[in-house]
Amino acid sequence: MKGRLIFEDGTAFEAEAFGSHGDRAGVAVAFAGGAGFQEAATTPSYLGKILVFERPTVGACGADESWNESDRVCAEGVVCRELSKSVSDGGGPMPFGRFCESRQLLGLEGAPTREIAAHIRSRGEQWALLTTEESSLKSHLARLALLKTQTSASPDKYRVSGEALLASWRPTGGGATAVVLDIGAGASFYRLLKSHNIFWRAFGPRMSADEIMAIRPDAALVSNGAYPADSLPGTVATLRALLGRVPVAGIGLGAALVASALGVSPSEMKSGHHGVNIPVANAATGALRITEQNHSVALRAEDLRRRGAETLYVNTIDGSVEGFIHRRKMAAGAFFELDGLDAIQELTGGLPL
Amino acid sequence: MTAKKKKIVLVGAVSSSASAGAEFDHACAEAMKALRDLGFDVALISANPTAVSTDNDAPGPVYFEAVSPENLAAALEREKATALLPVFGGGAAVNAATAPATLKAMKKLGVSLMGVSETSRAASADRRRFLKLMKTAGVEVPPGAVVSSVEEAEAAALEIGFPAALRPLMSEGGAGNSTAYNMEDLEGQAASALKSSAAATILVEKLLRGWKEIEMVLLRDAKGNAATVAMIENIDPAGIHSGDSAAVIPAQTLTLSATRRLKKSAVAVARALDAVGVVNVRFALEPASGDIKLIYAVPRYTRSSAFAARATGYPVARVAAKLVCGLTLDGITEPEFGGGSAFREPEPDYCATRLPRFDFEKFPGADDTLDTAMKSTGGAMGAGRTFKESLLKAMRALETSRPKPPNASTEAGMETLRGLLSRPNPARLFHIFDALAAGMRVEEIRSLTLIDGWFVSQFAEIAEISARAGKYRIETAPASLLKQAKLAGLGDEDIARLLETEETELRRLRKKQGTTAGAGAMDASGAARARYAAFESTDAAPKGDRGKKIIILGGGPNRIGQGIEFDYCCVHAAYAIKEAGYTAILINSNPETVSTDFDTSDRLYFEPLTFEDVMNIIDREKPHGVIVQLGGQTPLNLATKLLRAGAPILGTSPDNIDRAEDRKRFKETLDKLNLTQPDNDTAGTVEEAVRKARQIGYPLLVRPSYVLGGRAMRVVYEEADLREYMAKAVSASPDKPVLLDRFLDDAIEVDVDAVADGERCLVCGVMEHIEQAGVHSGDSACCLPPYTLNEAIVEEIKGATRAMARELGVVGLMNVQFAVKNDVIYVLEVNPRASRTVPFVSKATGTPWAKVAARVMLGESLEKQGVTEESAPEHMSVKEAVFPFSRFPGVDATLGPEMLSTGEVMGIDRDFGMAFLKSQIAAGQKLPDKGAVFVSVKNSDKRAIVPIARKLIDMGFEIVATEGTASTLRRNGIEARSVHKLDQGRPNILDVVKNKEVVMLINTPAGKDTKVDEAKIRSAAIARDIPLVTTISGAQATVQGMEAFRERGFTVAPLQEYHKKILAASKARKAIAQKAPVKKIAAKKTAAKKSK
């Protein structure tokens, strides 16, 4: 079955469809990484996105339900150059294609992904329609416009969390307690807390500062997520009220919300950082780390400085701000997934973890 | 960095047998550039004349000396150096730099060691320390033990079980590595492994059969930051040396969790070793459990580092050099990154597969089973969008013919096939296709080869497309299927064969259908420096080219007969083209070269050097000219076909190339010029050969007409030999005749390189061979200028060269081989292309001849270039070949018409004896100063051996000889102890050699009767590192060198100093007169007298 990826600007690419049929709309983003395709597709922060995999061959290690980042497929669709038919030794129990079928994840294979990724980079990230329907370009674009409006009208669809995938767990004692404002955390976010014996209470985006403080947490963490940037004014207000009372740290979209609470307004990158190989430098210590990221948030160092915050992390390729900290207000944000206790501690400063 | 100006001496590659690393040439070249950029003074020590790093215009002094503690100390002292940097010259360079003698000298001179941390030095010398470090780092290693005797090895193997991998600690390129499957294996292997270890210690380790192997190439800075440049996944399972493994970048089959764990562990290993610079860490991964274990960690540049650099576009060597100087990853920027710092991890959106190139057919009798000791001579890289495309391109790029499949219709054939799959061997990947064609299932192939099922499935997908295409003929094949086949990477030639048509036909059809190759950029590191052709990508053609576009075809994978000497020529051509204001475009498939450095050319294509792949680029680039004469035989062979397809070939016309290569036409040319050739003829049948041989006379040089590089060449002395050769060695037929040449016994062979512009011809250098005619020119030691030939003969040779260049309309380089016998000059061969001696001649004479030739090809005459004088160096330069015999135990180490060497070294000094001695030492011979020398020569050499033996006695050596030789010597008043031949009872000569009772062997092969015995003796000597001389002229030269050393000891001086003298002499000559006859070769007369 033929399928097409049609960008808002009218550019269309044709390839073979797999996994499902019909049409889906989302912002197409280019994902750089040689593994973790299934993980990305089930990560809540990829909700509403169409993942264009830059790695030509996708799914060589198959799929395994235990690798999911949430209990549902979050991406609207996937686009690849080659869908692997076979599975490597030590890979998952089923081919990636079958996983897509079982989850009704619509995909394209045989697509010129290098060209598509170049298109995204040069024109910026934009909405696109992934479709198996035969129709004129004009009606496809009309359909895309309709789906886009429908999505924007229902922000609640972004409320997905990977927390549910973790079996119930109690800390072995002595650990810290964190409040998580979960606006789309993946399971590995919670696994990280668990592996460091950090107890958490997770809430959705509409929690008040008083309710949070009542728990007397050691820190408040704001997860990554997929909500449109300005759709969570309530959460920003909550965070503003928490500033100075408890260490607040945000990741990805969460970091953008913390920045907003500090009075620094984020903007959108032309094309964001989505992948497993994004290099950042700690501006204070000079320490370097390769990070996994999924965000399109841009902050200006100058704006941070004006609000009393300092740039904590800088991207070593494009120089963009990848993290910040306001020491007095005990607030910080990072645009990459935390991968260890040192990362959490670096970010949360005084957090006694 | 300190304010005081540092002077860093780099240790270059030790040209050692099969691991002779072209990768170290480009690493040293890049490192020198980087250090120079940082403001350091640099110098290099390496005896490799073929390298670009040791070039005339290197960014610092170059010492052509063996990499030994003594020479390192001498160079450091002479340069007043502050630091020694060995990590870009391979394991042997590091071993030499960290040898106690070197460290002691460095301490005395106040020189620091760069690039090797104290921790890693201590850990490489002491395994227990290493294990402790790894344990602390949380990294597991396979079960094993460190032992220092055979008995301990046995005990260890019993405990961990078979198969066991044996690895000598502190050895080079996997020398002495082996796999023991039983106790008997182990005994022999442990003994030889102990010998290969500089620390006399070996590691006995459980072989992780069926585990995957992943190699990580990391960069780490002094602050502890690390980035993974590439994860290399081996297609072959654990147990094969990484240089011999088929491998792919990026890793294809790993899960996210495995990827993360491998990266973390690799960083932990590098941290534990406190390594700064480039680190290669190799892990084994058990698919079922996901367990990973560390196989090895090497904190220096390796062949894998080179592959990683080329596949990702990351300038690994340059960045590593800067890291070693204390810069941090985020403090380094390079043009390859297109902005931003060196701290990045490339994620290619393409695939690069590297396949090793083997030359086992050169070593009959050598076991071609692959294991943990490296046996390949080089490798080829294929790039494509998918693994399938890159694999098939790499297979084409190897330039080997596909092995004949066993007849799979019989059960015996299937059994053979199964054996070829389960035993790792050079052709295994090709046999996977044979097995699939024979209907074998993926699962069975997987369990036989232990290759990951995903990889086998990729082969199966290719086979499936082939099978589908095979159902059609050219007229009926659907366009979509052709497109699919091209996307999968199948070559036009393959598809044409399936459709039973001609390659050109298929090409025409698919182009008509619009299936043409685009190009993708290998821009994983940022900027688009290198490119590859792919049938999907639609990257726009690059803009902003300067002037005319010139394409240079490179030499492909390193192999015996075609190595980096041709790469040197291509590199110089690229420089010349850029200097002339044109755009230089290079096509090559060899990742271990300087030509594939991203700043050598303006644009680089990683493509196989086949007609199709080259034409794809020519179609795309539409160049003004294509240079085919610099990359060796590979591009030259494409010339006619490319010309026919409309490619603009620069330089000597393909018709004239053909006139030199076609025997009949060549004979006509020589007749016209009144030049002599040894009598010769061709024969299509045994009887014809015998008849014609009687007319020509014996001995005869025989070879098939359709192979190159001296393959299957033999000297036959009588009719019986010829019959045997005709019957066994070749399958002659009227269309593939055997060539018969009169063999000139005891002649002196001479190599000449020349450059011509169509009008004028200059002789670049005349090289006199040290071995007599009959030894392949690539295997002979030679001296420039000639050391025994008289001036009249040399002039006559030069005249003949010029005449041939004129007649053949040579534009560019030409190489001629002559033989001189009884003052008669015979022309053996003319090659209107760059020869392997061009870099040697350029360095010996101080003129960059390849560059001169490239400019000639661009239309700039020699006169216009100001190159009008033939160089006349007063020093002597000796080139010696380096052989891989020690890699192939049991192979006869005799030189003959078939080329066997894998590398070259050069010795340079004021007189011949010393230059020759230096070349021998650089080639790894440890010449003795006392003890017993074994002498056994054939009858015709008996007279010549007398003065040699006398000199040895004069120097205080004792002579041991077989009865025949001993009695000759005694008759001439030379004392000689006789020893039994192998069939004369014991102790015999083999016992004497095995007991190391002799310190040197002079053994000239006597013919086939004693062949087996002598082969045994020679391989026993090589196995024990006892110097071995197999020709009488070699013996003369060796003795002369030893004498020179006794007289004046050893001094070192950089190449550039010799060149200064040449330049000064040339200026003086020009000042005195324009046309005065040039006084040449002052030094040679004394040398010639001495040898008489």
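Of the residues in the range A:120-127, at least one is open to solvent by 60 Å² or more (accessible area, probe 1.4 Å), within 13 Å of another protein chain (Cβ to nearest Cβ) and free of Cβ contacts under 8 Å to residues at least 12 places away in the same chain. Exactly one residue out of B:953, B:959 is part of a helix (DSSP H, G or I), touching a strand residue (DSSP E or B) at 6+ places or on another chain (Cβ under 7 Å) and within 21 Å of residue B:1040 (Cα to Cα), and it is B:953. When every residue of the range B:535-549 is checked against the conditions, none turns out to be open to solvent by less than 10 Å² (accessible area, probe 1.4 Å), under 22 Å from residue B:573 (Cβ atoms) and touching a residue at least 12 places away in the same chain (Cβ under 8 Å).
Residues in the range B:625-646 that are open to solvent by 50 Å² or more (accessible area, probe 1.4 Å), under 24 Å from residue B:568 (Cβ atoms) and in a loop (DSSP other than H, G, I, E, B): there are none.
Taking the range A:154-168 only, how many residues are outside any helix (DSSP H, G or I), open to solvent by 60 Å² or more (accessible area, probe 1.4 Å) and more than 14 Å from residue A:188 (Cα to Cα)?
Filtering the range A:154-168 for residues outside any helix (DSSP H, G or I) gives A:154, A:159-162, A:166-168.
Narrowing the set further to residues that are open to solvent by 60 Å² or more (accessible area, probe 1.4 Å) leaves A:159, A:167-168.
Remaining after also requiring more than 14 Å from residue A:188 (Cα to Cα): A:159, A:168.
Of the residues in that region, 2 qualify.
Scanning the range A:10-55 for residues that are touching a residue at least 60 places away in the same chain (Cβ under 8 Å) and basic (Lys, Arg), which turns out surrounded by the fewest Cβ atoms within 10 Å (Cβ to Cβ)? Within the range A:10-55, the match that is surrounded by the fewest Cβ atoms within 10 Å (Cβ to Cβ) is A:24. Among the conditions (1) open to solvent by 50 Å² or more (accessible area, probe 1.4 Å); (2) within 14 Å of another protein chain (Cβ to nearest Cβ); (3) aliphatic (A, V, I, L, M), the only one that residue A:145 does not satisfy is (2).
Specify which of the listed residues (B:105, B:125, B:180) is of a type outside the set (Val, Ile, Thr), under 23 Å from residue B:276 (Cβ atoms) and surrounded by 15 or more Cβ atoms within 10 Å (Cβ to Cβ).
After ruling out the rest, the residue left standing is B:125.
Look through the range A:256-277, keep the residues that are open to solvent by less than 20 Å² (accessible area, probe 1.4 Å) and of a type in the set (A, V, I, L, M), and return whichever of them is farthest from residue B:225 (Cα to Cα). Step by step, filter the range A:256-277, then rank; the result is A:261.
Taking strands (runs of 3 or more DSSP E) as the structural unit, those lying wholly within the range B:170-237 and holding at least 2 residues that are within 13 Å of chain A (Cβ to nearest Cβ) and of a type outside the set (Val, Ile, Thr) correspond to B:212-220, B:226-234.
Within the range B:428-444, the set of residues being within 14 Å of chain A (Cβ to nearest Cβ) and farther than 23 Å from residue B:471 by Cβ comprises B:443 only. When residue A:95 is tested against the conditions (1) within 14 Å of another protein chain (Cβ to nearest Cβ); (2) open to solvent by 20 Å² or more (accessible area, probe 1.4 Å); (3) in contact with a Leu (Cβ under 9 Å, 6 or more places away or on another chain); (4) in contact (Cβ under 8 Å) with a residue 40 or more places away in the chain, the lone failure is (4). The set of residues from the range B:278-312 being more than 14 Å from chain A (Cβ to nearest Cβ), in contact with a Lys or Arg (Cβ under 7 Å, 6 or more places away or on another chain) and not hydrophobic (A, V, I, L, M, F, W, C) comprises just one member, B:296.
The set of residues in the range B:238-249 being touching a strand residue (DSSP E or B) at 6+ places or on another chain (Cβ under 7 Å) and either open to solvent by 10 Å² or more (accessible area, probe 1.4 Å) or more than 12 Å from chain A (Cβ to nearest Cβ) (or both) consists of B:238, B:239, B:242, B:243, B:244, B:245, B:246, B:247. Checking each residue of the range B:661-676 against the condition of being of a type outside the set (Phe, Trp, Tyr), surrounded by fewer than 21 Cβ atoms within 10 Å (Cβ to Cβ) and closer than 30 Å to residue B:31 by Cα gives no match. Sub-7 Å Cβ pairs linking a first residue in the range B:676-688 that is under 15 Å from residue B:817 (Cα atoms) to a second residue that is among the aliphatic types (A, V, I, L, M) and modelled with pLDDT under 90, at least 6 apart or interchain, are B:678/B:744, ordered by first then second residue. Number of residues in the range B:250-268 that are more than 10 Å from chain A (Cβ to nearest Cβ) and surrounded by fewer than 24 Cβ atoms within 10 Å (Cβ to Cβ) equals 4.
If you go through the range B:386-433 and keep only what is touching a strand residue (DSSP E or B) at 6+ places or on another chain (Cβ under 8 Å), under 24 Å from residue B:375 (Cα atoms) and not acidic (Asp, Glu), you end up with B:390, B:391, B:392, B:393, B:394, B:395, B:396, B:397, B:398, B:400, B:426, B:429.
Please enumerate the residues belonging to the range B:915-931 that are under 34 Å from the mean Cα position of the chain (by Cα) and not charged (D, E, K, R). Those that are under 34 Å from the mean Cα position of the chain (by Cα) and not charged (D, E, K, R): B:915, B:916, B:917, B:919, B:920, B:921, B:922, B:923, B:924, B:925, B:927, B:928.
Against the numbered list (1) in contact with a Gly (Cβ under 6 Å, 6 or more places away or on another chain); (2) at positive phi, residue B:239 comes up short only at (1).
Screening residue B:339 on (1) within 11 Å of chain A (Cβ to nearest Cβ); (2) at negative phi shows it passes everything except condition (2). Tell me, which residue of the range B:359-369 that is on the phi < 0 side of the Ramachandran plot, in a loop (DSSP other than H, G, I, E, B) and surrounded by fewer than 23 Cβ atoms within 10 Å (Cβ to Cβ) is farthest from the other protein chains (Cβ to nearest Cβ)? Among those that are on the phi < 0 side of the Ramachandran plot, in a loop (DSSP other than H, G, I, E, B) and surrounded by fewer than 23 Cβ atoms within 10 Å (Cβ to Cβ), it is B:364.
Within the range A:281-302, the residues that satisfy the criterion of being of a type outside the set (Gly, Ala, Ser) and open to solvent by less than 30 Å² (accessible area, probe 1.4 Å) are A:282, A:288, A:291, A:293, A:294, A:295, A:297, A:299. Only a single item in (1) within 15 Å of residue A:60 (Cβ to Cβ); (2) within 13 Å of chain B (Cβ to nearest Cβ); (3) over 24 Å from the mean Cα position of the chain (by Cα) is not met by residue A:110, and it is number (1). Of all residues in the range B:740-757, count the ones that are within 30 Å of residue B:684 (Cβ to Cβ), in contact with a Lys or Arg (Cβ under 9 Å, 6 or more places away or on another chain) and not in a strand (DSSP E or B). Residues meeting the conditions: 3. With respect to the conditions (1) more than 11 Å from chain B (Cβ to nearest Cβ); (2) open to solvent by less than 10 Å² (accessible area, probe 1.4 Å), residue A:60 falls short on a single one, namely (1).
Just for the range A:303-331: of the residues that are open to solvent by 40 Å² or more (accessible area, probe 1.4 Å), over 22 Å from residue B:230 (Cα atoms) and part of a loop (DSSP other than H, G, I, E, B), which one is nearest to the other protein chains (Cβ to nearest Cβ)? Ranking the candidates gives A:319 first.
The values are calculated or read from the model by the stated rules, or taken from the named source; none is laboratory data. Quick caveat: nothing in here was measured; it's all calculated off a predicted structure. A quick note on method: Cβ atoms are made from the backbone with ideal geometry, for glycine too, and the neighbour counts reach across all protein chains shown. Side chains are part of the model used for accessible areas, which takes the heavy atoms of the whole protein and leaves out ligands, DNA and RNA. Shrake-Rupley method; radii C 1.70, N 1.55, O 1.52, S 1.80 Å.
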